[in-house]
Amino acid sequence: MAITPTIHEDLPQIEEWIKADPWHKEDSRHTAEFLLTGGGLLAFCLLDEKGPLCFVRLDAEEDMVRLSTQFGPEQEVSKKRLVVGMLSEGIPAIKNFARNKGYKGIVFESTSETLINFMNQQGFFKVEGDDYALTFGETHV
């Protein structure tokens, strides 16, 4: 597993992934350029030995870090590859980054039951609307 900068050469792949993504293809806020390194607090590509798994951007939102992600389409990036990458490298790196910068937790927005259930297993909980959060040092039932 590796984390690399998201570069201009990644834009065509990100654009294709967005077009194939039922959750993001109609979202004008979610663009390939938005996911380039240099924007937000941190933007990167999570990859394994076969290639990119997802592109991530982190933004400051008060005392939390907002997580935005573009996952590869399932026909290109299997759920197993994605889960292994997220558990072994992606989520730990995001948690460490946010903690080291003094943030109180991580928040993301989703309506995907699959993603919400996976993130709930990692300690995230519903906060309001379509937002889910993980707060450091707190537990929620």
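Against the conditions (1) over 22 Å from Gly123 (Cβ atoms); (2) of a type in the set (D, E, K, R); (3) in contact with a Leu (Cβ under 8 Å, 6 or more places away or on another chain), Glu49 satisfies every one except (3). Checked against (1) buried (at least 19 other Cβ atoms within 10 Å of the Cβ); (2) under 30 Å from Gly137 (Cβ atoms); (3) under 13 Å from the mean Cα position of the chain (by Cα), Gly72 passes all but a single condition, namely (2). With respect to (1) loosely packed, with under 14 Cβ neighbours inside 10 Å; (2) farther than 20 Å from Thr111 by Cα; (3) more than 16 Å from the chain's Cα centre (by Cα), the lone exception for Ala60 is condition (3).
Suppose we filter Gly90, Gly85 for residues that are in a helix (DSSP H, G or I), in contact with an Asp or Glu (Cβ under 6 Å, 6 or more places away or on another chain), surrounded by 13 or more Cβ atoms within 10 Å (Cβ to Cβ) and in contact (Cβ under 8 Å) with a residue 40 or more places away in the chain; which single one remains?
Numbers: Gly90 fails: in contact with an Asp or Glu (Cβ under 6 Å, 6 or more places away or on another chain).
The conditions single out Gly85.
Residues in segment 57-74 that are of a type outside the set (A, V, I, L, M) and within 23 Å of Ile7 (Cα to Cα): Arg57, Asp59, Arg66, Ser68, Thr69, Gln70, Phe71, Gly72, Pro73, Glu74.
Conditions: (1) under 13 Å from the mean Cα position of the chain (by Cα); (2) under 13 Å from Phe97 (Cα atoms); (3) aliphatic (A, V, I, L, M). Leu53 meets all but one. Number of the miss? Every listed condition holds for Leu53 apart from (2).
Of all residues in segment 79-114, those being closer than 20 Å to Lys19 by Cβ and either modelled with pLDDT of 95 or more or touching a Cys at 6+ places or on another chain (Cβ under 9 Å) (or both) number 1. Check whether at least one residue in segment 48-55 is in contact with a Lys or Arg (Cβ under 7 Å, 6 or more places away or on another chain), among the aliphatic types (A, V, I, L, M) and surrounded by 12 or more Cβ atoms within 10 Å (Cβ to Cβ), and report yes or no. Yes, there is a match, as at least one residue in segment 48-55 is in contact with a Lys or Arg (Cβ under 7 Å, 6 or more places away or on another chain), among the aliphatic types (A, V, I, L, M) and surrounded by 12 or more Cβ atoms within 10 Å (Cβ to Cβ). All conditions but one from (1) assigned to a loop (DSSP other than H, G, I, E, B); (2) of a type in the set (Val, Ile, Thr); (3) surrounded by 12 or more Cβ atoms within 10 Å (Cβ to Cβ) apply to Thr111; the one that does not is (3). Each residue in segment 15-46 was checked for being under 24 Å from Met1 (Cβ atoms) and among the hydroxyl-bearing types (Ser, Thr, Tyr), and 1 of them qualify.
The values are calculated or read from the model by the stated rules, or taken from the named source; none is laboratory data. Keep in mind it's a predicted model, so treat the numbers as computed, not measured. Note: ideal-geometry Cβ built from the backbone for every residue, glycine included; neighbour counts use all protein chains shown.
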